[in-house]
1. Put a dot 7 Å past each Cα toward the Cβ at CYS301 and ASN92; how far apart are the dots in nm?
2. Once amide H atoms are placed 1.01 Å from N in the peptide plane, what residues at a sequence separation of 5 or more from GLN285, or on another chain, have their amide H within under 5 Å of its amide H?
3. Taking the stretch 333-367, which trypsin sites (Lys or Arg not before Pro) meet the DSSP loop condition and have no more than 11 other C-beta atoms within 10 Å?
4. Return PHE73, PHE68 ranked ascending by Cβ neighbour count within 10 Å, so the fewest neighbours appear first.
5. By how many nm would the segment from GLU183 to CYS204 grow when fully extended, if each residue of separation counts as 0.36 nm and the alpha-carbon distance is taken off?
6. Under the classification rounded if a/c is under 1.5, otherwise prolate if a/b is larger than b/c and oblate if not, where does the stretch 139-190 fall, given a ≥ b ≥ c as square roots of the Cα gyration tensor eigenvalues?
7. Taking 0.36 nm per intervening residue step and subtracting the Cα-Cα distance, what contour gain separates ASP357 from GLN377 on full extension?
8. Using a simple spin-label model with points 7 Å from Cα along the Cα→Cβ vector, what separation in nm is obtained for LYS211 and ARG291?
Amino acid sequence: MARDPIFAGSEAFCERLLIKKSVFFKRVSAFPVDLAEVSLLNKLIRTSLVESSHSVEILQQDPSSPLFSVKSFEELPLKKELLQGVYIMGFNRPSKIQEMALPIMLAYPPQNLIAQSQSGTGKTAAFVLAMLSRVNATEKYPQCLCLAPTYELALQIGCVIETIGRFCADVKVTYAVRGNRGESGPEQIVIGTPGTMLDWCFKCRLIDVKKIKLFVLDEADIMIDTQGLSCQSMRIQRALPKGCQMLLFSATFKETVRAFAMRIISNPVVIKLRKDELTLSNIRQYFFVCRSREEKYRALCNIYGSITVGQAMIFCQTRRSADWLSMEMSQDGHQVAILTAELTVAQRANVIQRFRDGKEKVLIATNVCARGIDVQQVTIVVNFTLPTGQKNRPDFETYLHRIGRTGRFGKKGIAFSMVESQNVELVVRQGMSSSNNHEVDESDRSHGQN
Ligand SMILES: Nc1ncnc2c1ncn2[C@@H]1O[C@H](COP(=O)(O)OP(=O)(O)OP(=O)(O)O)[C@@H](O)[C@H]1O
């Protein structure tokens, strides 16, 4: 069978799976766990979890790293208030995507851009710097719109705008998200989810789309390829004035989606990754072979029994399976939070905040949280169920986004996937499982709509 393009060049990934699987295969099937194995596993994992303050700098000097840059922020065309904001964020040097995209985004006449870069490599900061550079502080109406697929992500991006833009006097952000009616009138930068933004543009007319000069689509591939998100985003995009600059960002773009994006965006500059660059070497990937949900759970307990886990995100495909797992883990004494699309937005924001603050060490989530969320302390990601899309096909893009919740900006991270035994051959051949997944429940196959 032909390998999916996402993993076709990722020999290292497959190799690692094959090399390490013997360790994990034994661990799942042989209970209680052998002490020698525990020690080996610990050694293996500690070496990859040790966080060195030098590691980012080293990566930033390695030309093959996505964090590499030949330039400094000072050499990029940024005004001094923004440089101060960058320093507040603690950034020393730009990443590759920041170095490449910023001169394009800030050029005159404005250029459209479709940009791809691995998860956690600083895309958000890149387009935030572009928005803050373009905005005219003396004009008090919305000038930049940014759309994100989920409420949480919109808030997170807004937070980055507020921090980097701290020294830009009179530049403000408004959140076009569920629950905010925009009574006080939207500010110069509006960040939101497509549904609410659409209402603000066309129903309540809080935003004059004809005055927008910069439009950002974050997680652009699902924003143009997911029902609902797509109609809303495209309606806004089509209404923008001719000279409006459009910036599309994501860690993944299926070829068909990129081709579509190139048709709707006029004359874009395209930054894309080669297939073999999609996975990051700082995120080590392993899988367990399990026969049942209970065996998956025992494998998970083994991870906890063997290594020191900082914070973990565990992904399930359905709310039902997330609920079950949360109950099991809580009964075993873990501090667990659960995040699914069924919670209200306020509850979801609260869950994320508590997890960020370290109040819960484990976040069990469905795909609602697979993209964009940046919690630096996440050291492991577990795919309790591998992601599947329509017709139960493996969803490689979501897999990449999920594992990208760890290993942020060069940090070390580990991703474990629980593979049902009937899918092992496919995992080895394709790089991950084609899931014949019994836990999938259509109502919960959310790609993270708001
Ligand atoms: N130049 C930089 N130096 C150091 N840290 C940085 C730099 N740029 C971004 N970061 C940090 O790296 C982390 C990941 O950045 P960000 O969230 O922008 O990544 P991303 O590419 O948008 O990820 P995703 O694809 O998951 O959305 C953040 O915590 C951010 O503050």
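1. 4.4 nm
2. Answer set, sorted by chain and number: ALA415.
3. Numbers: sites: ARG348, ARG354, ARG356, LYS359, LYS361; in loops: LYS359, LYS361.
Loop-located and lightly packed - LYS359.
4. Details: PHE73 19, PHE68 16.
The fewest-first ordering by Cβ neighbours comes to PHE68, PHE73.
5. On the way: separation 21, 0.36 × 21 = 7.56 nm, distance 1.03 nm.
Full-extension gain reported as 6.5 nm.
6. Details: a/c = 1.96, a/b = 1.19, b/c = 1.64.
Oblate, because a/c is 1.5 or more while a/b does not exceed b/c.
7. Numbers: separation 20, 0.36 × 20 = 7.20 nm, distance 0.98 nm.
Full-extension gain reported as 6.2 nm.
8. 6.7 nm
Read the figures in this text as sums done on the coordinates, not as results from a lab. Given the structure is predicted, the values throughout are model-derived calculations rather than measurements. As a convention, Cβ positions derive from the backbone with ideal geometry for all residues, glycine included, and neighbour counts pool all protein chains shown.
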